[in-house]
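Chemist: Below are the structure tokens for one structure; questions will follow.
The values are calculated or read from the model by the stated rules, or taken from the named source; none is laboratory data. Quick caveat: nothing in here was measured; it's all calculated off a predicted structure. A quick note on method: Cβ atoms are made from the backbone with ideal geometry, for glycine too, and the neighbour counts reach across all protein chains shown.
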Amino acid sequence: MLKGVLSLLLLSLCAEREDYGYSLVVRLQSAGFDELAEGSVYPALTRLESRGLLEGRLMPSPAGPARKYYAITPDGRLELARTETSWLGLVRSVAAVLTSNPTPQGAPR
């Protein structure tokens, strides 16, 4: 399921502040996405950039090579609003089904 919402999460984090790939991974892991791998974040950032939803720029790093920082674009903000609304609607619908059909304790779902 994370794969389906990764773009939404990345847009949301980049809307808060411009950031680079590894820092975004750490922020997501700190938010509870422990299983998230760098290998899924970087391709997602590339896709978002190629769609014009994020804009990347290289900035010197105090330690090592330059880092690519990502900032949300105006189109990215529109996409964030659209997908956030869709996601919240989905969450409400799933919650409605789960709470209207409680499973007896000990019974398999």
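Chemist: Taking the range 1-24, which residues are in a loop (DSSP other than H, G, I, E, B) and among the charged types (D, E, K, R)?
Modeler: Scanning the range 1-24 gives 17, 18.
Chemist: Which number in (1) surrounded by fewer than 17 Cβ atoms within 10 Å (Cβ to Cβ); (2) touching a residue at least 24 places away in the same chain (Cβ under 8 Å) marks the one condition that residue 64 misses?
Modeler: (2)
Chemist: Right, another one. Being free of Cβ contacts under 8 Å to residues at least 60 places away in the same chain, assigned to a strand (DSSP E or B), out of contact with any Cys (no Cβ under 6 Å at 6 or more places or on another chain) and over 15 Å from residue 4 (Cα atoms) is true for just one of 92, 57, 27. Which residue is that?
Modeler: Working: 92 fails: assigned to a strand (DSSP E or B); 27 fails: assigned to a strand (DSSP E or B).
Answer to the selection: 57.
Here's the yes/no breakdown for (1) assigned to a helix (DSSP H, G or I); (2) of a type in the set (Val, Ile, Thr); (3) modelled with pLDDT of 95 or more; (4) within 15 Å of residue 6 (Cα to Cα):
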{"position": "63", "(1), (2), (3), (4)": "no, no, no, no"}
{"position": "71", "(1), (2), (3), (4)": "no, no, yes, no"}
{"position": "78", "(1), (2), (3), (4)": "yes, no, yes, no"}
{"position": "86", "(1), (2), (3), (4)": "yes, no, no, yes"}
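Chemist: How about the range 1-11: which of its residues are surrounded by fewer than 15 Cβ atoms within 10 Å (Cβ to Cβ) and in contact with a Leu (Cβ under 9 Å, 6 or more places away or on another chain)?
Modeler: Correct list: 2 only.
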